[in-house]
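What follows is a short report on a single structure.
The values are calculated or read from the model by the stated rules, or taken from the named source; none is laboratory data. Note that the coordinates shown come from a computational prediction; the quantities given were computed from them, not determined experimentally. Here the Cβ positions follow ideal geometry from the backbone for every residue, glycine too, while neighbour counts run over all protein chains shown. Ligands, DNA and RNA are stripped out before the accessible areas are found, and what is left, the full protein with its side chains, is counted by its heavy atoms. Shrake-Rupley method; radii C 1.70, N 1.55, O 1.52, S 1.80 Å.
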Amino acid sequence: NYFAAKSQNKLRDQFEQAIKETSTSTTKPSDTNSSTTTLPPVVDAPITGSAIASIRSDKIGVNSIVVSGTDKGTLQKGPGHYSKTPLPGQFGNSAIAGHRTTYGAPFNRLDELEIGDKIVIKTLTDTFTYKVMKKPFPVKPSDVSVIEPTKDPSDPTGQKLLPTLTLTTCHPKFSAAQRLIVQAELSTDDLDKAT
């Protein structure tokens with residue numbers, strides 16, 4: 001827990017600095033007048049272990065920096081983003097794993113989330129609110145279908161994806177026999193910000 005807290009403090013400083021750098025690099029003075037023009041941010045592939053977002057759920061006391069990657073060493077720093085899934089705020093299923101009983105136990109109370117509860121993700125460029133879609137449920141550790149892209153059921157072609165979020169942690173507490181899954185969808189108020 002001490003290691004995780006120390007890592008989180010360092011990551012929070014890095015994340016806040018990265019936000020400042022991103023906000024200054026995405027605007028430039030216009031050629032005419034003194035107004036500014038917003039440019040799309042240049043996003044490189046995140047380096048494993050680097051801070052990419054913050055995750056907050058007041059209901060279960062989560063306020064952590066999310067790092068890129070889900071290997072053992074990375075998850076010791078805080079919740080980790082599955083690198084093969086989209087980043088939060090993008091169309092598709094963004095997935096984040098976190099410890100339940102060790103290394104600060106950021107997802108210790110994940111089982112207490114209920115339908116409609118909010119999960120707020122702040123990225124380098126925006127803030128997104130997700131709402132829990134269904135009651136948390138367990139799956140086998142080998143069941144990776146829960147992090148596959150979420151297809152829009154109203155699209156007959158099956159090509160359109162929905163912006164969703166999946167959180168995973170060990171289940172039950174003090175065991176890795178299963179994975180507890182929480183699935184949430186981007187709030188309708190934030191749909192216009194999804195990329």
Residue match in the stretch 103-125 (condition: open to solvent by 50 Å² or more (accessible area, probe 1.4 Å), in a strand (DSSP E or B) and closer than 22 Å to Arg56 by Cβ): yes
Cβ pairs under 6 Å, 6+ apart, first in the stretch 9-21 and at positive phi and outside any helix (DSSP H, G or I), second hydrophobic (A, V, I, L, M, F, W, C) and at pLDDT below 90: none
The stretch 147-171 residues that are farther than 21 Å from Arg100 by Cβ and of a type in the set (Lys, Arg), paired with ones that are in a loop (DSSP other than H, G, I, E, B) and at pLDDT below 95 (beta carbon under 6 Å, 6 or more apart): Lys151/Gly158; Lys160/Asp152
Selected residue (criterion: nearest to Gly69 (Cα to Cα)) from residues of the stretch 126-154 that are open to solvent by less than 50 Å² (accessible area, probe 1.4 Å) and either at pLDDT below 95 or of a type in the set (D, E, K, R) (or both): Thr150
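Being modelled with pLDDT of 90 or more and open to solvent by 60 Å² or more (accessible area, probe 1.4 Å) narrows it down to one residue among Glu16, Glu21; which is it? Let's see the steps before the verdict.
Details: Glu21 fails: modelled with pLDDT of 90 or more.
Selected residue: Glu16, the only one of Glu16, Glu21 that is modelled with pLDDT of 90 or more and open to solvent by 60 Å² or more (accessible area, probe 1.4 Å).
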The listed residue being at pLDDT below 90, open to solvent by 40 Å² or more (accessible area, probe 1.4 Å), more than 27 Å from Ile147 (Cβ to Cβ) and in contact with a Ser or Thr (Cβ under 9 Å, 6 or more places away or on another chain), out of Thr48, Thr32, Thr27: Thr27
Output for the stretch 115-136, where each listed residue is farther than 24 Å from Gln76 by Cα and either touching a residue at least 24 places away in the same chain (Cβ under 8 Å) or among the polar types (S, T, N, Q) (or both): Asp117, Lys118, Thr125, Asp126, Thr127, Phe128, Thr129, Tyr130, Lys131, Val132, Met133, Lys134
Tally, over the stretch 79-125, of residues that are closer than 16 Å to Ser54 by Cβ, out of contact with any strand residue (DSSP E or B) (no Cβ under 7 Å at 6 or more places or on another chain) and not aliphatic (A, V, I, L, M): 2
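May I ask you to say which residue of Thr150, Thr102, Thr127 is under 17 Å from the mean Cα position of the chain (by Cα) and under 28 Å from Ala4 (Cα atoms)?
On the way: Thr150 fails: under 28 Å from Ala4 (Cα atoms); Thr102 fails: under 17 Å from the mean Cα position of the chain (by Cα).
That would be Thr127, the only listed residue that is under 17 Å from the mean Cα position of the chain (by Cα) and under 28 Å from Ala4 (Cα atoms).
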Subset of the stretch 161-195 that is surrounded by fewer than 17 Cβ atoms within 10 Å (Cβ to Cβ) and of a type in the set (Ser, Thr, Tyr) - its residue that is modelled with the highest pLDDT: Ser187
